[in-house]
Structures are given as C-alpha cells and as structure tokens.
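Have a look at the structure below before the remarks.
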Amino acid sequence: MNDFTHLHVHSEYSLLDGYATTKGITERAAELGMDSIALTDHGVMYGAMEFYAAAKKANVKPIIGVEAYIAPGSAKDPMVKGGKNYYHMLLLAQNEVGYRNLVKLTSRAHLDGMARGVFARPRIDREMLEKYHEGIIATSSCIAGEVIQQLTQQQKDRAREIAAYYRDLLGPENYYLELQLHDNTPELEPINEELVRISKELGIPLVATNDTHFVRRDDVETHSRVMAMGFNLTLKEFCGKNYQMDGTYHIMSGDEMWQRFKRYGTAPMENTRRIAERCNLKLDF
C-alpha cells in the first residue's frame, strides 16, 4: 500500500536496541507495497549510506533521519545517574540542505554533547537546532520525547509551551506531534488524547508512527536477546524486569496501521504521506 509511510524506524545501528538490517527494512517495505520508508536510528547516522543504496535497489524512496537525543539544557551539561539527561526528538531530512544539517547535528552531538561514562549519549540542544534546522522536518517522537515526558508528569502547560516553541522554531509545516500505539504501553492512549488536544489548540499537525525496532513480528524473541545484552542481563533477568518490547514494534503493513489509528481520523495517517512526499533527498556519489 502506498497510503502510509513508516517514518520512525530503527536498524541494527541503534546499537543493542534495533534488530533490523537496512537491507531487511527496505526489502520489507517493497514487499508490503510501500514506495518509501525512513531510517531514524538513535543519535547516529551510521547506516544512512547503506540504507540509501539498499532503498534505491529495492525501488523504495529512502527518507534519512535520526532519532536525536536532545538535552534539557546545554549539550555540554554533565550527565548524571538518575537525572533527566536527554529527551528523544525525530528529525527527517527534506533535501540535501537538511541532510547536511543532520550530519552537522549528529557530529556536534558526539563532539560536544557526549559527556563521559556509561550514561553518555550524543546529545544536541536547542542552540544547535536553532542553528541547523533548515531543511528538516521534526516530530515530538516517542514516549521519551520532550512533550510527552511532560504529559506523563501531568505538566500539561509545560508540554504546550514546548510544543509551541518547536512549532515556532521549525515552522508550523515542519513540526508534528507524533501518535504511537503499542500493546505493552497502555499509557500511550491517554497521552495521545492530550496530543490531540494540543494539536487543536496550537495548530500543530498530528502524524501516526510505529516505533519499529525489528522487521517481522516473529523477530521479537531475538530482539529481546539483543536488548538483554545491551542491559548486560541474562534473558531471564531481562524479561523479569519487563523491559522487552512486544510484537507491535515490527514493520506493520499499511492496512494494520490504518486499523490501529482509525480512532484518530484520517489526518495522522495521511500526514505520513505528506511528509514522505516532501522528503526528496538525492545524493550523488
């Protein structure tokens, strides 16, 4: 189906968190009849060129992005155990200008925002984004996103302020509030209701995504083993802590996505296509 595009997709380059090759992602998109798909790994763009080539070979439009870590203050602030050191934010390149700005952001994140130790993440901050946002479409990301984290803490006014800031910085056509639904995260449903409210109040469009970390539903068991290694736990210990994802984190078909999100009307699903149509990155080697 060509009436939905996956815009939130992790590969094996989301180290010990994603279990999908770039080739597997693009081939699955082609198998499902999709004409485009994104790659948005955590904090890095290591798979971008490999993904671009694989997508072209599969006759699927590649949308290159990153699920960035954004610091609550400066990227140079120290990262501490137990502190809120970063949020997630999805960034997609519309064109070559946007792609080059993503490269600059991820590079600066590693050079200036990495901090030290086991809690280190390559973080950007608002100052960096203000400088390098041209050609980029952004979303509020997953449950670890800045807006959503405020909603989980019942800080609704603060969530609204943050959403308005990114709308004004990026432009109302370049910032979206992201709706997700996963079986192991029931709190997403009331969060989505709040996002719908903010969308209406602030004129920020909604977009539906699936936070995919593996290609097919039956990859979930292997993915759990990969994540257990990332947490330095045995599989039994890992499952006992209820960290594992469920089968909904795979690359769903367009029909599956339309069924899951039909309660929110057609706009969030249609907006995946609008974004895909605006992302036209062409790289010459």
Cβ-derived FRET efficiency at R0 22 Å, ASP183 paired with LEU235, nearest 0.05: 0.60
Theoretical ellipticity at 222 nm over the chain - DSSP helices of four or more residues, -39500 (n - 2.57) apiece, nearest 500: -12500 deg cm²/dmol
Globularity index of the stretch 89-210, i.e. its alpha-carbon radius of gyration over 2.2 N^0.38 Å: 1.09
Counted charge near ALA55, where neighbours are those whose Cβ lies closer than 11 Å (Asp, Glu -1; Lys, Arg +1): +1
In sequence order, calculated HN-Hα J values of the stretch 10-26 (Karplus, 6.51, -1.76, 1.60; Hz; x Gly/Pro): 10, 10, 5, 7, 7, 3, 6, 9, x, 10, 7, 7, 4, 5, x, 5, 5
Table column - 3J(HN,Hα) (Hz), the stretch 76-81, Karplus curve with 6.51, -1.76, 1.60, x for Gly and Pro: 8, 5, x, 9, 10, 5
In order through the stretch 52-67: 3J(HN,Hα) via Karplus (6.51 cos²θ - 1.76 cosθ + 1.60), integer Hz, x for Gly, Pro: 4, 5, 5, 5, 4, 5, 7, 6, 10, 5, x, 10, 9, x, 7, 8
Evaluated at q = 0.09, 0.10, 0.12, 0.17 Å⁻¹: base-10 log I(q)/I(0), Debye formula over Cα of the chain: -0.38, -0.48, -0.72, -1.60
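What number results when the radius of gyration of the stretch 100-164, computed over Cα atoms, is divided by 2.2 N^0.38 Å?
1.26
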Only Lys, Arg (+1) and Asp, Glu (-1) charged, at Cβ; the chain dipole about Cα centre in debye: 480 debye
Two-site FRET efficiency, LYS104 against ASP284, from Cβ-Cβ distance with R₀ of 30 Å, rounded to 0.05: 0.95
Solvent-accessible area per residue, Å², over the stretch 22-139 with all protein chains present [probe radius 1.4 Å]: 43 Å²
Ranking by accessible area, most exposed first, for ARG263, ARG197 with a 1.4 Å probe: ARG263, ARG197
Computed E for ARG126/LYS156 - FRET, C-beta separation, R0 25 angstrom, nearest 0.05: 0.75
SER140, SER253, reordered so the largest accessible area comes first (probe 1.4 Å): SER253, SER140
Descending Cα extents along the principal axes, the stretch 19-98, whole Å: 44, 29, 18
Built amide H within the under 5 Å cut-off of ASN210, gap 5+: LEU7, HIS8
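The values are calculated or read from the model by the stated rules, or taken from the named source; none is laboratory data. If you're wondering where the values come from, they're calculated on a predicted model, not measured in any experiment. Here the Cβ is made from the backbone with ideal geometry for all residues, glycine too, and neighbour counts use every protein chain on show. What goes into the accessible areas is simple: the full protein's heavy atoms, side chains included, and nothing from ligands, DNA or RNA. Shrake-Rupley method; radii C 1.70, N 1.55, O 1.52, S 1.80 Å.
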